[in-house]
Amino acid sequence: MRPNLRIDYRVRLAAALIATVVASRVVADEPASASREIEAERFHQQVEPILREHCYPCHSHAAGQMENGLALDWKSGWVAGGDRGPAVVPGQPDESLLVRAIRHVDPDLKMPEEQLDLAEIETLVEWVRRGAFDDREITPTAKDAQPWWSLKPLASPPIPLAIRPLESGTAETDNVKIDAVTPATHPIDAFISEKLANAGLDFSPPAEARELIRRVHFDLVGLPPTPEEVDAFVADPSEGAYLELVDRLLQSPRYGERWARHWFDTIHFADSHGYEHDVGRDQAWPYRDYVIEAFNADIPWADFVREQLAVDHFQPEATDRIPALGFLGAGTFDYSTYSTGPITFDYLDRDDLLTQTMAAFVSTTANCARCHAHKFDPITQEDYYALQAVFAGIVKGEIGYDADRELGSERKHLESLLAAARRGDASILQDAAAREMVERWTATRGGVADWKRVDLLTFLSTDGATLTADESGMILAGGTSPETDNYLLNVQTKLPRVTALRLDLFPHDSLPMKGPGRCQNGNLHLSEVAVSVFNPGDKSARPVAIAKASADFDQEGWGVTRAIDGDPKTAWGIHPAVGQPHHAVFEFAQPLELVQGATLTVTLRQLHGGSHLIGAFALSVSDA
């Protein structure tokens, strides 16, 4: 099972849950020296035209330009100010940056470049001196810190007094506006009742049993009832039967399927990528099933949000909930831009994800701020790109996951042991549990391979080196040290069946850095290994296929598998682990059945150059 998402992120979306911080600002008191009407007329007829003509082109939301973060087309703009701070200090022209700018008294603060007329300057100075009246307000005041409904905390509104239920079960009758309205027994009905009363309307007559069961079915599960269900309900339309009907439908799997559709619409989920190519998403279904399951299980909203944004962070052990991250890959995917303009695609894709997240969880639009500070919602351009950075670590694709938590936990444990083995962490590998696991594993394998040293018949260097062998079968290279070389060995073994060849490398005092290579740094490069078998009576040797290669140590970028890849330009190396013994094992694709007198020919090609040659070595075979 695989959701349609690859994730390369950690702790990425906690900031998105907060969304925005709306800062309240204390605005200047209205001037007391004149009436509001007079100051408003003075501002709109004299001051605002100057600002619109000379300042708005560089400092307004409408123009999409707010140089140095300063906007002058709303009061909130000059109160907050830009990079230098508030632009206007009401009643203090000499302390106001705006006045200093238009007067051109500072060499680095002259705005606009062409100085205003003296009359225009005096008009703005007098405006500031009189208290800088400005009624163009859209930001919160000190009395109302959060006017944006989507950012206010959820609160229970007061139930209308006219029909608030009493503890005794009767309804209050004071302040009833229209007696004809039936008192409600549920808080939701109370609001409906109040609206009806204000409009002079009454409740509709109760639905007949046949109508009621159809309405409930379509509302809750989106499917009609069966004829048998209708007949049974018509026969018993009691309140108990109705409540039982509602409970049964709420427990139906169809309930989640019906209502999850609205969530999919909210986050523009689909089983394909959209755009003109509209490539299918074959692995989108786990997320779809997750949402349906979440609705049916009625999981808390906070958990629903956290799981879709970062379940791998909040619940790393919950591998079965990984499909929830399909939320991050639910939007459209423009294959054309992805292929031809990857940088542009990254920005557009993050914009889509940011927009989806803010709209779904914060009920606020944010993508307008991609090009300019948001005019009506409290989203600055800085907020927008800070939020987009939260999503920068997400790359859409497919990842595997464990639908079983126990399996996921075991996989995590084994991967940690594997990582410890790769870095040689003895504190973990020598742990009692780890040792027990190794013992169980080796018991199932029937022991390790038993290696038998081959009998050397002939061995030679094709490029002039001198090869000598001792009684143990170790071969030492000496004499000429050519740039490249090939070692050809004809060997025999008493084993009737051979499954692998082992090459042992040895340090030696005669070699540079004690070898095991002949290069000045003790290294070697084995380009290719070839094995063939020659049976008595055959006219030619038969090549032996090598399926797998492994080694005790690989030089970075020069792994032992390069010695069997068929490319003479690649090779196996052991630097910087020089002066130490090493070995490589080459497993045959099929066990090699040998007749008596059969000969194996082993060729060690060393073609890298620079005398990266094997210095001391031996060959062994195994039938394991």
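The values are calculated or read from the model by the stated rules, or taken from the named source; none is laboratory data. Keep in mind it's a predicted model, so treat the numbers as computed, not measured. Neighbour counts run over all protein chains shown; Cβ positions are idealised from the backbone, glycine included. Areas reflect the complete protein model, heavy atoms only, side chains present, ligands, DNA and RNA absent. Shrake-Rupley method; radii C 1.70, N 1.55, O 1.52, S 1.80 Å.
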Query raised in the report: What are the ³J(HN,Hα) values, in whole Hz, obtained from phi via the Karplus relation 6.51 cos²θ - 1.76 cosθ + 1.60 with θ = phi - 60°, for each residue of the range 297-310 in sequence order, with x given for Gly and Pro?
Result: 7, 6, 5, x, 4, 4, 5, 4, 5, 4, 5, 6, 8, 6
Report task. Return the whole-Å distance between the Cα centroid of the range 497-532 and the Cα centroid of the range 550-624. Result -> 7
Requested in this report: For PHE391, tell me the accessible area in Å² from a 1.4 Å probe, rounded to the nearest 10.
Outcome: 0
Report task. Please determine, in degrees from 0 to 90 and to the nearest 10, the orientation of helix 239-250 with respect to the longest principal axis defined by the Cα atoms of the chain, where the helix direction is its Cα long axis. Result -> 40
Query raised in the report: So how far apart, in nm, are the two label points at ASN521 and SER363 if each is 7 Å from Cα heading toward Cβ?
Result: 6.5
Report summary line: By the C-alpha gyration tensor axes a ≥ b ≥ c (rounded if a/c is under 1.5, else prolate when a/b exceeds b/c, else oblate), the shape of the range 294-410 is oblate
Requested in this report: Count the net charge of all other residues whose Cβ sits under 13 Å from the Cβ of ASP351, scoring Lys and Arg as +1 and Asp and Glu as -1.
Outcome: -2
**Report entry** Karplus-derived 3J(HN,Hα), 6.51/-1.76/1.60, for each residue of the range 533-542, Hz, glycine and proline x
**Finding:** 10, 10, 8, x, x, 6, 8, 8, 7, 10
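Over all distinct alpha-carbon pairs, what is the Kirkwood Rh of the range 420-547 in angstrom? Walk me through the numbers before you get to the answer.
Working: mean 1/r = 0.0544 Å⁻¹.
The Cα-based Kirkwood calculation yields 18.4 Å.
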Report task. Above 43 angstrom, tally the Cα pairs of the chain and express them as a % of all pairs, no decimals. Result -> 59
Report task. Enumerate the amide H contacts of HIS277 below 5 Å, restricted to partners 5 or more residues apart or on another chain; note that Pro and chain-start residues carry no placed amide H. Result -> none
**Report entry** Relative counts (whole %) of C-alpha pair distances in the range 551-593, using bins that are 10 Å wide
**Finding:** 28, 45, 22, 5
Query - Within straight-line cross-link reach of LYS569, aspartates and glutamates at Cα separation under 15 Å, skipping those fewer than 8 residues along the same chain - result: GLU483, ASP485, GLU528
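Charges only on Cβ, +1 for Lys and Arg, -1 for Asp and Glu: so what's the dipole of the range 396-511 about the Cα centre, in debye to the nearest 20? It would help to have the intermediate numbers written out before the result.
On the way: 14 positive and 19 negative charges, 80 e Å.
Roughly 380 debye for the range 396-511.
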Report task. Using the Karplus curve 6.51 cos²θ - 1.76 cosθ + 1.60 with θ = phi - 60°, work out ³J(HN,Hα) for each residue of the range 66-73 in order, rounded to whole Hz, and write x for Gly and Pro. Result -> 9, 4, 6, x, 9, 10, 10, 8
Query - Length gained when the stretch SER550-ARG52 is fully extended (0.36 nm per residue, less Cα-Cα span) - result: 171.7 nm
Report task. Residues in the range 106-139, backbone N under 14 Å from the label point at ARG36 (7 Å along the Cα-to-beta-carbon vector): list them, ranges by number please. Result -> 133-137
**Report entry** Dimensionless Rg ratio for the range 372-426, taking C-alpha atoms and the 2.2 N^0.38 Å reference
**Finding:** 2.06
Report summary line: Using alpha carbon centers only, the range 33-93 is separated from the range 396-418 by a whole-angstrom value of 58
Report summary line: Measure of exposure for GLU229: accessible area at 1.4 Å probe, Å² rounded to 10, is 60
**Report entry** Dipole magnitude (debye, nearest 20) for the chain, charges at Cβ of Lys, Arg, Asp, Glu
**Finding:** 2400
Report summary line: Under 5 Å from the placed amide H of ILE546, counting only residues 5+ away or on other chains, we find ALA589
Report task. In whole angstrom, note down how far apart the Cα centers of the range 339-358 and the range 288-304 are. Result -> 27
Report task. Mind pulling the angle between the C-alpha long axis of helix 209-220 and the longest principal axis of the chain? Nearest 10 degrees, somewhere in 0 to 90. Result -> 50
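Rounded to the nearest whole Å², what accessible area per residue is found for the chain with the 1.4 Å probe?
Accessible area per residue, the chain: 55 Å².
So what's the net charge close to ASP552: Lys and Arg +1, Asp and Glu -1, counting the other residues with Cβ under 12 Å from its Cβ?
Details: positive: ARG502; negative: ASP504, ASP554.
In short, -1.
How much FRET efficiency would the formula 1/(1 + (r/R0)^6) give for LEU429 and ASP404, where r is the Cβ-Cβ distance and R0 is 30 Å, rounded to 0.05?
Numbers: r = 27 Å, r/R0 = 0.90.
FRET efficiency, LEU429 to ASP404: 0.65.
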Query raised in the report: What angle do you read, to the nearest 10 degrees and between 0 and 90, between the alpha-carbon axis of helix 432-445 and the longest principal axis of the chain?
Result: 50
**Report entry** Nonlocal amide H pairs with SER272, under 5 Å, H built at 1.01 Å
**Finding:** ARG281
